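Participant: Following this message is one structure expressed as structure tokens.
The values are calculated or read from the model by the stated rules, or taken from the named source; none is laboratory data. Owing to the predicted nature of the structure, the values given are computational and were not obtained by experimental measurement.
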Amino acid sequence: MAASPASRQWQASGGGTDSGGGLADTGAEEDGALRALGLVAGTAILLGGAVFTFTPWRRLRGIR
């Protein structure tokens, strides 16, 4: 199946390499360290929010 003249012109004037329409190749490798750091940070935020939410503040301040 041949490409239409309009699509050939667009591809020729694109200025970059075509990687098949996926995400841009930024040079970043799939590194598990950032993923693990994100998991730890997300867990700490969720646990901190749960502790703040479920702490019995009235009992800790004393009943007035």
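Participant: Can you report the number of residues in region 18-59 which are among the hydroxyl-bearing types (S, T, Y) and at pLDDT below 85?
Facilitator: Residues in region 18-59 being among the hydroxyl-bearing types (S, T, Y) and at pLDDT below 85: 2 in total.
Participant: Can you pull out the residues in region 30-64 that are basic (K, R) and assigned to a helix (DSSP H, G or I)?
Facilitator: Answer for region 30-64, where residues must be basic (K, R) and assigned to a helix (DSSP H, G or I): R35, R58, R59, R61.
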